[in-house]
1. What's the number of the only condition in (1) without any contact (Cβ under 8 Å) to a residue 24 or more places away in the chain; (2) surrounded by 15 or more Cβ atoms within 10 Å (Cβ to Cβ) that residue 18 fails to meet?
2. Could you list all residues from the stretch 96-150 that are more than 18 Å from residue 75 (Cβ to Cβ), surrounded by fewer than 21 Cβ atoms within 10 Å (Cβ to Cβ) and either in contact with a strand residue (DSSP E or B) (Cβ under 7 Å, 6 or more places away or on another chain) or among the polar types (S, T, N, Q) (or both)?
3. Restricting attention to the stretch 42-66, which residues are free of Cβ contacts under 8 Å to residues at least 60 places away in the same chain, within 14 Å of the ligand (Cβ to nearest atom) and not small (Gly, Ala, Ser)?
4. For residue 39, all conditions in the list (1) under 23 Å from residue 183 (Cα atoms); (2) within 13 Å of the chain's Cα centre (by Cα); (3) open to solvent by less than 10 Å² (accessible area, probe 1.4 Å); (4) away from the ligand (no atom under 11 Å from the Cβ) hold save one; what is the number of the exception?
5. What number of residues within the stretch 92-106 are more than 9 Å from the ligand (Cβ to nearest atom) and small (Gly, Ala, Ser)?
6. Aromatic (Phe, Trp, Tyr), within 16 Å of the ligand (Cβ to nearest atom) and touching a Ser or Thr at 6+ places or on another chain (Cβ under 8 Å): is that true of residue 26 in this structure?
7. At least 1 residues that are among the hydrophobic types (A, V, I, L, M, F, W, C), under 23 Å from residue 10 (Cβ atoms) and in contact with a Lys or Arg (Cβ under 7 Å, 6 or more places away or on another chain) in each: list the helices (runs of 4 or more DSSP H) lying fully within the stretch 46-137 that qualify.
Amino acid sequence: MPTALDTPQGAAELAESLLPPLGNRWLHTQAVAARACEASAAVSEGDRDLLVAAAWLHDLGYAPELRETGFHPLDGARHLERLGAPTRLVRLVAHHSGAVYEAEQRGLSVELSVYEREDSEVLDALIYADMTTGPAGQSFDFDQRMDEILERYEPGSEVHNAITKARPYLGAAVERTRTRLGDQPT
Ligand SMILES: [Fe+2]
């Protein structure tokens, strides 16, 4: 039997079966997983494996084989659901890093709303890991990461608009995680 998808090992194996051809996206994924491990003290002990598994799988929906709507949080969540992944993992992937904002831009809010968003320490820490890691796995601070996304996607594009709107939400999740980790506020 394959290792459970909500464990770091099972999630890493699935990610490794789909993402390496994507180059930078794979580098980013590995770095986000490492960052989630470092940040795992921000969540309860029982949720640490789930956090790291979600980090491995958050961008799975970029794999061309999984493309349905072209909106990667939704395509990734649907694939995980088909594989029988645990509900919390599916929901975390569906809602990583402010997906509701981009779903709105893409006219996919109804489709995304099938998945409940858990507003939890785990989702905050997943946002923290993703939003402090650059597109090729670099270590970025939050503002650098925001600026990098806004430069990479054209003004007026769905991602550019969504990130602009999501910025306060994402920043608050990063700050809460930092506080939980005992970092000084920035
Ligand atoms: Fe993503």
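1. Only one criterion is unmet by residue 18, namely (1).
2. 120, 138, 139, 140, 144
3. 56, 57, 59, 60, 62, 66
4. (2)
5. The number of residues fulfilling the criteria is 3.
6. Spelling it out, it is not the case that residue 26 is aromatic (Phe, Trp, Tyr), within 16 Å of the ligand (Cβ to nearest atom) and touching a Ser or Thr at 6+ places or on another chain (Cβ under 8 Å).
7. Hits in the stretch 46-137: 48-57, 121-131.
The values are calculated or read from the model by the stated rules, or taken from the named source; none is laboratory data. Nothing here was measured: the structure is a model prediction, and the numbers come from that model. Neighbour counts run over all protein chains shown; Cβ positions are idealised from the backbone, glycine included. These accessible areas exclude ligands, DNA and RNA; they are computed on the full protein's heavy atoms, side chains included. Shrake-Rupley method; radii C 1.70, N 1.55, O 1.52, S 1.80 Å.
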